[in-house]
Amino acid sequence: MSNAGTILIIDLSARTIERIATSGYAKEFIGGAGVAARLFTECVPSDTRAFDEKNMLIFSTGPLTGSLFGNKANVCSRAPEQPNHPYVHCGMGGQLPSEMKFAGYDHIVIKGQSEKPVYLSIYNEDVRFVDAGALWGLDVYKTQAAIRSECRDPDVRVACIGPAGENRIVNALILHDIEHTAARGGMGAVMGAKKLKALAVRGTKGLQVADPKAVRKLWQEYFDYYTKGKGRLYYQTWQRGGLARHVVDGYRYRRRKESGVYTDEIKEMLSKYMVGSLGCSFCPLQCHINYNMPGIGSGGATCSNHGMLSGFPDQQVWWAVTNSIHKYGMESFAVWSMLLWLQGMYQSGLITLQDLDGIEMDKYAVEPFTAAVGKICRREGFGEWFAEGLGKAAQKIAGGKGFKTLDWVIQSRNRPSFSMHDLAYRGFAETGKAIRYRAGDIIAHPYSFDNYCNIEIYAEATGQSIEETERMINDWSADGVKKWLGDDADGSLWRQDVYDVRQSQLTVISEDLNMICDLSGHCEMPSEREIHYGCFGGFEETAGWISALSGKKCTVEELRQAAQKTRTLVDAYNSLCFLTHKELRPEAADMPPKDAIHDKFLKKIKVDKAKLREIGDAYCKSRGYDPETGIPTAETLTKMDLDDMAVQLAQKLQESKDWLKPEEQETGFPDVRAK
């Protein structure tokens with residue numbers, strides 16, 4: 001069977017352990033993020049805050065987790081990082097997800113709050129609450145080492161928090177192994193509020209495979225495609241520092257060299273300091289980079305870590321500070337944004353040396369930046385400003401004078417995002433008003449920024465010119481459009497300067513492809529979601545993998561229905577949370593006017609807002625959402641047997657009908673701050 005069969009429910013308050021069957025949820029939701037969403041929304045009311053005792057934290061795997069086809073988990077909870085504390089699920093790789101399955105558990109649900117610091121020790125059926133008083137205050141790497149030593153087992157897999165999580169910093173993450181994280185939303189702060197230092201899992205049961213012969217055949221096809229076939233370029237580039245090159249080359253090519261970033265600098269850094277690749281168990285991709293810089297040390301870097309390399313003046317400072325951020329258990333892109341904003345405020349004279357507790361932030365250097373990281377993670381001195389995130393801090397510091405200098409995503413969502421940044425004028429608007437209630441999990445169809453991330457490294461691998469490689473990627477993107485929408489579809493629909501209501505269908509398909517990865521446990525990177533890079537692994541393949549592993553027929557229709565139902569359930573629940581707490585004006589997440597964008601490149605982009613509105617409305621209609629509000633309709637929810645959510649939303653919409661009316665804004669940009 002591809003599911004382990006059991007959901008483990010642990011109550012930290014009552015110190016109780018319960019086990020229920022996965023089968024009661026898997027039929028409708030497949031697994032992973034789908035089952036987690038149903039478990040969560042059944043138990044956690046919309047008025048819950050992230051740090052409340054009644055909030056839950058769920059570690060969730062899918063039917064492919066622990067197999068050759070996947071090793072992904074989702075970590076799910078209410079997110080303290082964003083207004084209204086929405087429900088989020090964020091991916092985590094490494095060995096921990098498989099270890100959960102090998103111990104016999106598809107999902108680990110953590111309820112309540114412990115009075116004193118604890119960690120959970122799970123060794124197959126043996127589940128124990130272990131005192132973590134001696135671990136409280138340790139960084140994420142020392143914590144893992146201490147638990148392995150205490151367990152006398154080097155193979156125990158540990159997911160833990162550092163001081164940032166203990167102190168409930170909203171950008172705190174959960175880290176496993178060297179670099180595998182649940183980084184988005186503030187999941188580490190949720191663990192800290194529960195006084196849960198770590199989850200330590202060891203499983204020795206393995207998994208049963210229903211049809212080994214079929215699994216071997218399917219795996220050989222998958223492996224051959226990515227090592228000998230069209231997908232070989234994708235795999236080869238990762239071994240050449242693909243992650244750093246994708247982020248930096250793509251950023252540079254997208255902006256036509258306006259970013260000040262040069263490929264040769266990144267190549268030199270990789271040749272000097274990259275010592276290998278890191279990644280999840282069983283995956284040949286190994287998409288993270290293992291660096292070792294003399295005098296600083298070694299470690300792993302993910303995509304968000306490399307986001308700050310775009311234009312950063314000193315690679316060694318970048319690596320030393322990034323390592324420090326990880327060690328304390330924080331999300332690097334968010335903390336780097338804090339540091340650079342602080343530096344700008346200091347250089348402009350809006351804050352003083354005294355405000356910074358004597359730390360001189362006027363230059364790029366390891367000592368002041370790492371000292372500031374320590375202040376932030378411990379909430380010491382000026383570090384207290386950032387406990388609730390950069391957006392909230394900017395409202396308080398220097399009379400709020402630095403707030404308007406922030407990117408609009410930080411203003412409205414209280415978190416930075418380099419991926420959202422360049423998609424601001426299409427990626428958000430494609431989904432219409434549904435974007436208002438979402439928590440950063442928006443995956444739309446490929447745009448030109450994303451499509452060209454691989455262009456220079458693909459050109460090097462093939463020996464083609466940049467122009468030839470661009471044509472190749474354009475052709476692959478057009479092929480993807482036709483595969484998804486039919487041979488009669490216009491192959492240029494993926495382009496950013498094209499407006500067509502059928503683009504709403506591309507968005508739905510791309511979102512569903514991403515969601516089935518979250519449901520099944522297959523990584524979204526080597527999947528059909530990346531069809532523009534020559535990748536495969538979509539609805540048909542996923543259904544075949546699950547069928548061969550489980551011995552039960554899984555169909556494309558079942559996958560699509562589960563993906564749609566999960567997204568609708570989460571959107572409905574987050575709409576309910578939004579209408580309950582009312583911390584953010586609905587229009588705050590709509591596409592901003594030009595005066596809210598500070599990026600010179602983005603200011604040049606011309607957008608037809610009327611046509612985008614048509615595409616967004618078409619998207620909402622195809623999802624069964626009200627285009628005027630972006631909220632799933634009662635009819636849609638009832639058809640999906642989500643009657644409980646339909647009733648709650650109807651009541652809350654009636655109560656909130658006056659509040660939902662748009663507010664007039666003199667500046668054209670909504671005041672996103674809590675009233």
Check: Say the dipole of the chain comes from +1 at the beta carbon of Lys and Arg and -1 at that of Asp and Glu; which of Ala132, Gly112, Ala193 then lies farthest toward its positive end?
Finding: Ala132
Item checked: Listed peptides 111-118, 320-327 by packing density, highest first (mean Cβ within 10 Å) -> 320-327, 111-118
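Calculate the dipole size of segment 44-150 relative to its Cα centre from +1 charges on Lys and Arg beta carbons and -1 charges on Asp and Glu beta carbons; express the result in debye to the nearest 20. The partial results should precede the final answer.
Numbers: 10 positive and 12 negative charges, 36 e Å.
Value, rounded to 20: 180 debye.
Could you give the length gained on full extension between Glu384 and Gln654, defined as 0.36 nm per residue of separation minus the Cα-Cα distance, in nm?
Working: separation 270, 0.36 × 270 = 97.20 nm, distance 3.88 nm.
Contour length minus Cα-Cα distance gives 93.3 nm.
Work out, in µm²/s and without decimals, the Stokes-Einstein translational diffusion coefficient of segment 261-367 at 4 °C, 1.567 mPa s, Rh from Kirkwood over C-alpha pairs. Don't skip to the answer; put the middle values down first.
Values: Rh = 15.2 Å.
Estimated diffusion coefficient is 85 µm²/s.
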Notebook entry, point to check: To the nearest 20 debye, what charge dipole does segment 256-413 have about its Cα centre, counting +1 at the Cβ of each Lys and Arg and -1 at the Cβ of each Asp and Glu?
Noted result: 360 debye
Next item on the list: Work out the P(r) tail for the chain: percent of alpha carbon pairs separated by more than 38 Å, whole number.
Entry: 30 percent
Check: Which is farthest toward the positive dipole end of the chain among Tyr437, Met56, Gly616, measuring Cα position about the Cα centre, with Cβ charges +1 (Lys, Arg) and -1 (Asp, Glu)?
Finding: Met56
Notebook entry, point to check: To the nearest 10 Å², what's Val130's accessible area with a 1.4 Å probe?
Noted result: 30 Å²
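About the Cα centre, and with charges only on the beta carbon of Lys, Arg (+1) and Asp, Glu (-1), how big is the dipole of the chain? Nearest 20 debye, please. Write down the numbers at each step before the final one.
Numbers: 82 positive and 87 negative charges, 129 e Å.
Roughly 620 debye for the chain.
Trypsin sites (Lys or Arg not before Pro), restricted to segment 170-208: which are DSSP loop and have at most 13 other Cβ atoms within 10 Å?
Values: sites: Arg184, Lys194, Lys195, Lys197, Arg202, Lys205; in loops: Arg184, Lys194, Lys195, Lys205.
Qualifying residues, ordered by number: Lys205.
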Item checked: Which of Trp336, Ala365, Gly400, positive extreme of dipole for segment 256-413 (C-beta unit charges) -> Gly400
Next item on the list: Might you work out the accessible area of Arg232 for me, using a 1.4 Å probe with all protein chains in place, and round it to the nearest 10 Å²?
Entry: 100 Å²
Check: Which entries of Lys194/Lys621; Lys27/Lys661; Lys396/Lys661; Lys27/Lys392; Lys111/Lys142; Lys205/Lys639 show an alpha-carbon separation above 32 angstrom in the structure shown?
Finding: Lys194/Lys621; Lys27/Lys661; Lys27/Lys392; Lys205/Lys639
Next item on the list: With a 1.4 Å probe and every protein chain left in place, work out the accessible area per residue of the chain in Å², rounded to a whole number.
Entry: 37 Å²
Next item on the list: For Lys609, list the aspartates and glutamates whose Cα falls under 18 Å from its own Cα; do not include residues on the same chain fewer than 8 positions away.
Entry: Asp422, Glu430, Asp497, Asp500, Glu587, Asp590, Asp595, Asp617, Glu628
Item checked: Accessible area of the chain belonging to carbon and sulfur atoms, whole % at 1.4 Å probe -> 49 percent
Item checked: Residue-level accessible surface for Leu390, protein heavy atoms, 1.4 Å, Å² -> 10 Å²
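Determine the percent antiparallel among the DSSP beta bridges restricted to segment 6-202, to the nearest 5. Please report the intermediate quantities before stating the final value.
Details: 36 of 47 bridges.
Within segment 6-202, antiparallel bridges account for around 75 percent of the total.
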Check: In units of 2.2 N^0.38 Å, what is the alpha-carbon radius of gyration of segment 6-202?
Finding: 0.92
Checklist line | Potential lengthening between Ser622 and Lys661 on full extension [0.36 nm per residue; Cα-Cα distance subtracted] | finding: 11.7 nm
Next item on the list: Mind giving me the nanometre distance, one decimal, between the label points for Asp153 and Asp314, set 7 Å out from Cα along Cα→Cβ?
Entry: 4.5 nm
Item checked: Formal net charge of residues neighbouring Gly70 (Cβ-Cβ distance under 12 Å; K, R +1; D, E -1) -> -1
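The values are calculated or read from the model by the stated rules, or taken from the named source; none is laboratory data. For clarity, every value in this text was computed on a predicted model and none was experimentally measured. No Cβ is skipped: glycine too gets one built from the backbone with ideal geometry, and neighbour counts run over all protein chains shown. Note: areas computed on protein heavy atoms with side chains; ligands, DNA, RNA excluded. Shrake-Rupley method; radii C 1.70, N 1.55, O 1.52, S 1.80 Å.
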